[in-house]
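Remarks on the structure that follows.
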Amino acid sequence: MTQQQDQQPSVDPALVTVFAPTGVLRAAINVGNPILANRNAGGDVEGVSVDLAREFGRRLGVPVDLVVFEKAAASVEAVRGERADVGFFAVDPARADGLLFTAPYVLIEGAYLVPESSPVTDNGQVDAAGHRVSVGAGSAYDLFLTRELGRAEIVRCDGAAGALAALRAGEVQVAAGIRQVLERAAERAPGVRVLPGRFMVIQQAMGVPAGRGPEAQALLAAFVERAKSTGFVAAALARHRIEGGTVAPAAG
């Protein structure tokens with residue numbers, strides 16, 4: 001991060017072992033969320049979450065192994081099942097079992113996409129009888145809308161691409177997802193538009209398996225707070241030219 005951060009006290013070796021029992025920090029990376037990570041033209045994985053994973057590994061003094069997933073749900077299950085040591089998730093009550101979260105480091109807007117011809121002009125009109133809303137199965141939007149929508153039907157698809165394809169095919173009236181992704185979809189092909197405003201703010205945080213304990217959670221939480229306060233997260237967003245996410249405020 002910065003020279004000041006380089007001078008932080010060393011991490012208790014016992015905690016290093018807790019985080020990296022194999023001697024390597026296995027970081028679950030979800031490339032299904034382009035604000036956090038994606039594959040570049042050469043096929044390598046890069047992004048804000050990758051930068052944070054590598055910096056945390058440096059902080060612990062261990063190498064980092066990126067365990068890459070296409071969907072958030074698979075990434076969550078890998079950390080929950082201790083097949084990975086840390087992960088990057090949207091905070092949601094449905095994911096609390098088996099995981100310990102930090103405060104968020106990035107905030108992302110969730111938005112709706114509709115056909116140009118749709119009579120729907122406002123987020124509040126989406127939850128209506130007869131409306132079908134596509135979401136990536138197991139995504140933060142799926143979890144949130146499952147609790148919030150009382151009249152519209154949720155159609156769970158294979159990732160963000162599947163949710164968008166369902167809208168284009170006329171199988172649903174609305175697609176839900178990351179605003180940045182939906183705006184790009186609208187720019188690439190005519191016939192759809194993003195509704196103004198947002199239906200949710202996604203809090204992207206780091207997490208560890210619950211079995212690693214509160215001391216591990218506290219160390220990871222302190223790392224995230226420092227990454228925000230020193231400008232590390234902001235610099236990563238700028239470096240990767242991310243426009244759909246903002247640095248979360250300090251915890252508390």
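The values are calculated or read from the model by the stated rules, or taken from the named source; none is laboratory data. As the structure is a computational prediction, the values presented were derived from the model and not from experiment. Note that each Cβ is placed from the backbone with ideal geometry, even for glycine, and that neighbours are counted across all protein chains shown.
Check the stretch 72-82 and report whether any residue there is touching a Lys or Arg at 6+ places or on another chain (Cβ under 8 Å), among the small types (Gly, Ala, Ser) and at pLDDT below 90. No, that holds for no residue. Scanning the stretch 170-190 for residues that are modelled with pLDDT under 95 and more than 13 Å from Ile108 (Cβ to Cβ), which turns out surrounded by the most Cβ atoms within 10 Å (Cβ to Cβ)? Restricting to residues being modelled with pLDDT under 95 and more than 13 Å from Ile108 (Cβ to Cβ), the top hit is Ala185. Among the residues of the stretch 144-169, those identified as crowded, with 20+ Cβ neighbours inside 10 Å, in contact (Cβ under 8 Å) with a residue 24 or more places away in the chain and not small (Gly, Ala, Ser) are Phe144, Leu145, Leu164, Leu167. Quick check on my filter: what residues within the stretch 200-215 are of a type outside the set (Lys, Arg), within 13 Å of Gly98 (Cβ to Cβ) and part of a helix (DSSP H, G or I)? Matches in the stretch 200-215: Ala210, Gly211.
Quick one: in the stretch 216-237, of everything that is among the polar types (S, T, N, Q) and in a helix (DSSP H, G or I), which residue is farthest from Ser10 (Cα to Cα)? Only one residue fits best here, namely Ser229. Scanning the stretch 71-82 for residues that are among the charged types (D, E, K, R) and either closer than 23 Å to Val135 by Cα or not in a loop (DSSP other than H, G, I, E, B) (or both) yields Lys71, Glu77, Arg80. Against the criterion of being free of Cβ contacts under 8 Å to residues at least 60 places away in the same chain and either touching a strand residue (DSSP E or B) at 6+ places or on another chain (Cβ under 7 Å) or in a strand (DSSP E or B) (or both), Val68 qualifies. Looking across the stretch 31-60, just one residue is in contact with a Phe, Trp or Tyr (Cβ under 8 Å, 6 or more places away or on another chain), over 21 Å from Ala221 (Cβ atoms) and not hydrophobic (A, V, I, L, M, F, W, C), and that is Gly32. The residue that is surrounded by the most Cβ atoms within 10 Å (Cβ to Cβ), among those in the stretch 55-79 that are within 20 Å of Thr17 (Cβ to Cβ) and of a type in the set (Lys, Arg), is Arg59. When Ala37 is tested against the conditions (1) modelled with pLDDT of 95 or more; (2) touching a helix residue (DSSP H, G or I) at 6+ places or on another chain (Cβ under 7 Å), the lone failure is (1).
Restricting Thr121, Thr102, Thr146 to those that are in the same structural domain as Ala222 (by TED's automatic domain parsing) and among the polar types (S, T, N, Q) reduces the list to Thr102. The single condition among (1) surrounded by fewer than 19 Cβ atoms within 10 Å (Cβ to Cβ); (2) of a type outside the set (Asp, Glu); (3) out of contact with any strand residue (DSSP E or B) (no Cβ under 6 Å at 6 or more places or on another chain) that Leu52 does not satisfy is (1). Please work out if Tyr105 is touching a Phe, Trp or Tyr at 6+ places or on another chain (Cβ under 7 Å) and either modelled with pLDDT of 95 or more or over 21 Å from Arg239 (Cβ atoms) (or both). No.
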